[in-house]
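First comes the structure, then the notes that go with it.
The values are calculated or read from the model by the stated rules, or taken from the named source; none is laboratory data. Because the structure is predicted, anything quoted here is derived from the model rather than measured. Cβ coordinates were reconstructed from backbone atoms using ideal geometry, including for glycine residues, and neighbour counts include every protein chain displayed.
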Amino acid sequence: MATTLATLCEMRRAQRADGPAAMLGIGTANPTNYVLQEEFPDYYFRVTNKEHLTDLKDTFKKLCRIAGLEKRFFHHTEQLLNANPAFLQGTPAALDARLDIVAKAAPELAASAAAKAIARWGRPATDITHLIVSTNSEARSPGVDVGLATLLGLRPNVCRTVLQLNGCSAGCAALHLAKDLAENNRGARVLVVCVELTITTFRGPHEGDSFGTLIPQALFGDGAGAVVVGADAMHPAERPLFEMVSASQALIPGSEKQLDVRLGEGGVDIDISFNLPKFVAQNIERCLLDASGALAVNGIESKWNDLFWAVHPGSRGILDRVESALGLEPRKLAPSRTVVRDYGNMLSATVIFVLEELRRRMDEEGDEAAEWGMLVGFGPGFTVETMVLHATKS
């Protein structure tokens, strides 16, 4: 019995990677169509034929102004919406039509981001062993994962995992899963792809709408982000960008009504509490203290301003509250602010855009860049995803 147990333990050790998981390549992509935020209220009420709701339009203009965005990218165009008036009515037939659009467009956008990540990784797509796809835009199987694998030419035995309707924190959750897969499967190379198309959440304004219920229409945009994750002995072509030290997830008790995502006959509905930024600020430090324990255990004593930060920018208001609650210097959240300004909130894909912007800035700063940092995502539940990262030098 002892001999059998020793053999099993040795087999298990042989299956695991020797080192920590690391991000080896990052890529992002957006549709070509975009709308400037200052023009979006007029656009939104015109394409939905609700220009007579003048008071509500004034409310929406205020919301778009304080959101802090400059533009957002969309797969859907005014022509597409005009050709599908049922999208504005929320009928069951419209849901099928929305999902048909996603089924074709999402794999193509995802493949564009993935191809960039794979090129930066430096090895062929056929060396990918695992594929994780996250999206809030789809509710079908087979779905984006199969179409994406075909477009990229991944091998038939690639191990596929799909995360659907996990909200904004799904990008961090997918990276968390990729870390576990890479570290527990020697030689694994995991491709994480997050792709979001707001055609499934787009709807027209209603007379009963308020400042709070219109938040999703003022914030969300389309985009895709991809990351290649691997561990153990590195191939000569590979260069780690961020080493993934530890990951954790926390559910704030009694917070279910702060943020939720659900699929209905009118599409995907996302309810966001107007008090969400304040709620995040009240709970963020407690979650981070638990997550950053890995640094203290290894004798690394860091104040919040000693770290770099890759925070999912749900909105400018959330970033303002996080910055204040943690006493962060303004430059610490600059990558997150840049992304939300230039692209809006792209749900699960957004944090990958932040990682790409962060890495770009680090390469410019050289030795002055912080070595240790935190990846943070927020999602339904209310869920806080965190990961301690170590940045490698260029």
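Below, the figures for the structure above:
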| item | result |
| --- | --- |
| Matching residues, segment 133-171, being of a type in the set (D, E, K, R) and surrounded by fewer than 19 Cβ atoms within 10 Å (Cβ to Cβ) | 140, 155, 160 |
| Residue in segment 247-264 that is among the polar types (S, T, N, Q) and modelled with pLDDT of 85 or more present | yes |
| Odd one out for residue 235 among (1) within 19 Å of residue 169 (Cβ to Cβ); (2) outside the structural domain of residue 373 (by TED's automatic domain parsing) | (1) |
| Qualifying residue in segment 362-377 (condition: under 18 Å from the mean Cα position of the chain (by Cα), surrounded by fewer than 19 Cβ atoms within 10 Å (Cβ to Cβ) and part of a helix (DSSP H, G or I)) | no |
| The listed residue being part of a loop (DSSP other than H, G, I, E, B) and crowded, with 17+ Cβ neighbours inside 10 Å, out of 211, 202 | 202 |
| Test: residue 218 is touching a residue at least 60 places away in the same chain (Cβ under 8 Å), surrounded by 17 or more Cβ atoms within 10 Å (Cβ to Cβ) and in a helix (DSSP H, G or I) | yes |
| Neighbours by Cβ (under 7 Å, 6+ apart or cross-chain): first from segment 254-269, at positive phi; second of a type in the set (S, T, N, Q) | 267/200; 267/201 |
| Any hit, segment 91-98, residues being under 19 Å from residue 244 (Cα atoms), outside any strand (DSSP E or B), touching a strand residue (DSSP E or B) at 6+ places or on another chain (Cβ under 9 Å) and not hydrophobic (A, V, I, L, M, F, W, C) | no |
| Scope segment 61-86; condition under 25 Å from the mean Cα position of the chain (by Cα) and assigned to a helix (DSSP H, G or I); matching residues | 63, 64, 65, 66 |
| Positions within segment 47-60 being assigned to a helix (DSSP H, G or I) and touching a residue at least 12 places away in the same chain (Cβ under 8 Å), in sequence order | 47, 56, 57, 59, 60 |
| Residue within segment 235-250 that is under 24 Å from residue 145 (Cβ atoms) and free of Cβ contacts under 8 Å to residues at least 60 places away in the same chain present | no |
| Selection count, segment 145-170, where residues are of a type outside the set (Asp, Glu), at pLDDT 95 or above and part of a helix (DSSP H, G or I) | 7 |
| Criterion violated by residue 387 - all others in (1) part of a helix (DSSP H, G or I); (2) in contact with a Leu (Cβ under 8 Å, 6 or more places away or on another chain) satisfied | (1) |
| Hey, residue 359 farther than 20 Å from residue 72 by Cα, modelled with pLDDT of 95 or more and part of a helix (DSSP H, G or I) or not | yes |
| Condition check for residue 32: assigned by TED's automatic domain parsing to the domain that holds residue 190 and not in a strand (DSSP E or B) | yes |
